[in-house]
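Some notes on the structure that comes next.
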């Protein structure tokens, strides 16, 4: 009797990386260099109709898969296109203006190996000056959201902002949290498939909060992993269109509030809309004043 050799089983890559690019310039190449050093099995760049040529060199790069969307779909929708292009068990979703520190992917992967209920794990995110960005936060109640919106800019130490940003979090301890920043996180593919990925009704901002909120409701957990460290340059792409991004941010904030508020608490949504509208006007005014100051130069 002749035995037929079994066909080799195709193994899924252990960790895939999906980065959503829109006019990130040189930041994209720097991100890819830092992630390559981490030994990711698969890297997918989703280009949301960049006009700066930042993705063009990747057409001939055999180490990176390039997915061109043809238009700027927004962050969550772009990430979903990248997630659809891989079957890796674990997936990192990231902005291009991130620099991954050595050992970050290994630390995140270890967190998933230790907890089968873990859906999303966020690293410690540092600002360029080395200070920790509050990337692990609580879901805000309507009252906390209004207090943070009103006082967060002028009085960042107020109790509403401190609660929202988890000022009581031990920055050096692996901790369960409500949500982590979508600037960079690792997720379990099975959980993302169950949740349907990012909600594409958010163009920019709050899509990460929404995803974590739905993960908790489905019985999954979300964790902050301080042993994994990345640096975020912040706003490399969004700085080109500041007013559009400010509008998108405040619109998404109200969208999330309306999606997650039920019962008698919905009576507070008009107040939330008024507060967010006022905050948007203040933010636009600050942006305009900052632009004028930079145009005048430091000597004026």
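Since every read-out is calculated from the coordinates, none of them should be taken as a lab result. Predicted model only: the values in this text are computed from it and were never measured. FYI the Cβ positions are ideal-geometry reconstructions off the backbone, even for glycines, and counts take in every protein chain you see.
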Within the range 187-227, how many residues are part of a strand (DSSP E or B) and crowded, with 21+ Cβ neighbours inside 10 Å?
6
Taking residue 200 as the residue in question, decide whether it is farther than 18 Å from residue 109 by Cβ and more than 10 Å from the chain's Cα centre (by Cα).
yes
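Residue by residue, here is whether (1) over 18 Å from residue 123 (Cβ atoms); (2) more than 19 Å from the chain's Cα centre (by Cα) holds:
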residue	(1), (2)
33	no, yes
38	no, yes
43	no, no
58	yes, yes
62	yes, yes
65	yes, yes
81	yes, no
92	no, no
103	no, yes
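Residues checked against (1) over 22 Å from residue 261 (Cα atoms); (2) in contact (Cβ under 8 Å) with a residue 60 or more places away in the chain; (3) surrounded by fewer than 17 Cβ atoms within 10 Å (Cβ to Cβ):
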site	(1), (2), (3)
138	no, no, yes
153	yes, yes, yes
160	no, no, no
170	yes, no, yes
Boolean, residue 106 is free of Cβ contacts under 8 Å to residues at least 40 places away in the same chain, over 15 Å from residue 192 (Cβ atoms) and surrounded by fewer than 19 Cβ atoms within 10 Å (Cβ to Cβ):
no
Counted residues in the range 39-77 being touching a residue at least 24 places away in the same chain (Cβ under 8 Å), crowded, with 17+ Cβ neighbours inside 10 Å and part of a loop (DSSP other than H, G, I, E, B) come to 9
Within the range 83-186, which helices (runs of 4 or more DSSP H) (wholly inside it) include 1 or more residues that are in contact with a helix residue (DSSP H, G or I) (Cβ under 6 Å, 6 or more places away or on another chain)?
142-151, 159-164
